Amino acid sequence: MARGNNVLAFLRLLPLLVVTLAQLGLPSESYAQEPSDASVSAGRRLYHQKADCQACHGWSGDGVKMDSQSPDGANLRTSQLTREQLILVIKCGLPGRDMPAFDRLSYTDDRCLGRTRSDLQRMGLELPDPAATLQNREVERLVDFLLTKVVRQGEMTQAKCIDFWGEEVDVCTSLP
Ligand code: HEC
């Protein structure tokens with residue numbers, strides 16, 4: 001099966017989850033409009049440092065990983081996922097697909113598609129450990145960053161690179 005298919009199969013269970021979130025009365029900021037610059041740069045730091053997404057997805061999110069020992073992450077720049085789907089994938093990971101779950105309580109209760117660690121074990125689906133777990137607020141910032149600077153933002157260019165980092169950094173000079 002093609003890689004992307006499994007992600008979609010996993011997300012096909014999403015409507016169930018959305019109902020649960022709505023019932024919990026999640027704050028409406030989770031569907032924020034235009035994220036602030038502060039939120040975007042906090043999200044960028046989480047991506048590169050605390051959560052170390054770049055190890056598998058590359059510094060710009062293009063899937064050219066930084067750590068040769070890490071699994072090959074998806075190209076996030078061409079991802080078609082919505083905000084809610086990105087949040088779900090970050091919190092719950094993709095069991096059996098080498099994408100870690102960043103919610104500390106994922107698979108301890110029914111928050112991740114109603115599955116628990118022992119369900120995953122029974123199904124033979126492994127989850128790698130994340131570099132660090134993230135609070136809901138941190139996930140929101142990370143997604144603010146992804147949707148502003150990475151997801152559906154096209155290939156990296158010198159101009160986008162300078163905007164991405166907020167200054168002219170060395171990695172930008174070799175770009176077209
Ligand atoms: C250990 C390596 C690894 C790390 C660290 C990692 N990922 Fe992933 N990620 C993957 C892999 C591998 C896939 C592809 C799974 C597949 O398609 O089967 C993936 C898929 C995804 C997807 C789905 C993209 C799509 O459109 O299908 C998103 C979104 C994502 N990762 C975001 C993140 C973010 C944000 C972080 C940091 C918080 C992160 N990942 C950290 C390995 C990793």
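Quick note: the coordinates plus some simple rules give every number you see, no bench work behind them. Predicted, not measured: the structure shown is a model, and the values here were computed from it. Cβ sites come from the backbone with ideal geometry, for glycine too, and all protein chains shown count toward neighbours.
Table for the structure above
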| read-out | value |
| --- | --- |
| Ranking of Met156, Met66 by count of other Cβ atoms within 10 Å, fewest first | Met66, Met156 |
| Least to most buried among Ser39, Ser106 (fewest other Cβ within 10 Å first) | Ser39, Ser106 |
